[in-house]
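Structure first, then comments.
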Amino acid sequence: MKFKCKAFTIVELMIALAITTIILGGILRFKIQLIKGGLFSQNKNQINRDIRKVTNDIGEVAKESNYFIIYPSFDADDRNDSDDRLVTDESGDFIIFVHTSSNYVSFGVHPVEKIVGYYRDSGSVDELSNVGPVKRFEVTFNTPVDVTSDSSPLESLIPTAAAAKSTEILELSKGTANGKLFYNFGNKSVMVNGQIYHGNRAQRVTDTYNFTVSPRG
């Protein structure tokens, strides 16, 4: 007795292969979307954490300080003289919060016992321009310094970039106050206006942060 084996034709195999390819392609696209969605959520959560961190950090420092001064940038030429200080309605990428001492008052002068600075490094990353990290430094003086004399102006207390020992508080940020990060509001308050970024060129997430802080005076 002879048995006949029925085989698949070329057309049937091609159809089966096409269907399998479509199914696998759909599964792959679904997995890619899941991965992208996960990365987006991860970067978005990181942005929210960073915004809370920078808001709390600057807010606490400002609240404990006596006054602030804003400069165009942390570049040496932009903050080495009192003429570099920005006045009301001007904005810059470098700010210092000045803490004065009440224990060394002489003729009504309150010498400086600590300065805390925040500055944004400008640069470019991938397709982004004028974007860089936001950094922080702090300098405490064992003996408070009288900055009212010409021989020891406030600007002389600002450390060089090498000596500042800055720490990064935001990975990538862009100023939105006329392209700058810190806006002088009436010489009484500071408006911090920025755009924060996370992720790479293929999967980048961004959000803005805006808040106002005021020294205690």
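General observations
- Of the residues screened, THR167 is one that is within 18 Å of the chain's Cα centre (by Cα) and either within 21 Å of ASP57 (Cβ to Cβ) or among the polar types (S, T, N, Q) (or both).
Conditions tested, residue by residue: (1) in a loop (DSSP other than H, G, I, E, B); (2) open to solvent by 60 Å² or more (accessible area, probe 1.4 Å); (3) closer than 30 Å to GLN203 by Cα.
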| residue | (1), (2), (3) |
| --- | --- |
| GLY59 | no, no, no |
| ASN80 | yes, yes, no |
| ASP83 | no, yes, no |
| PHE97 | no, no, no |
| ASN103 | yes, yes, no |
| TYR119 | no, no, yes |
| SER122 | yes, yes, yes |
| ARG136 | no, no, yes |
| PHE141 | no, no, no |
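- Looking across region 61-78, the residues that are buried (at least 21 other Cβ atoms within 10 Å of the Cβ) and in contact with a Ser or Thr (Cβ under 8 Å, 6 or more places away or on another chain) come down to ALA62, ILE70.
- Qualifying residues in region 143-187 (those that are free of Cβ contacts under 8 Å to residues at least 24 places away in the same chain and of a type in the set (A, V, I, L, M)) - the one least open to solvent (accessible area, probe 1.4 Å): ALA163
- Failed criterion for ASN200 (all others in (1) closer than 24 Å to ILE115 by Cβ; (2) open to solvent by 70 Å² or more (accessible area, probe 1.4 Å); (3) not in a strand (DSSP E or B) hold): (1)
- Among the residues of region 157-197, the ones that are of a type in the set (Phe, Trp, Tyr) and in a loop (DSSP other than H, G, I, E, B) come to 0 in all.
The values are calculated or read from the model by the stated rules, or taken from the named source; none is laboratory data. Just so we're clear, the structure is a prediction, and the values are computed from it rather than from any experiment. For neighbour counting, all protein chains shown are included, and Cβ atoms are generated from backbone atoms with ideal geometry for every residue, glycine included. Ligands, DNA and RNA are stripped out before the accessible areas are found, and what is left, the full protein with its side chains, is counted by its heavy atoms. Shrake-Rupley method; radii C 1.70, N 1.55, O 1.52, S 1.80 Å.
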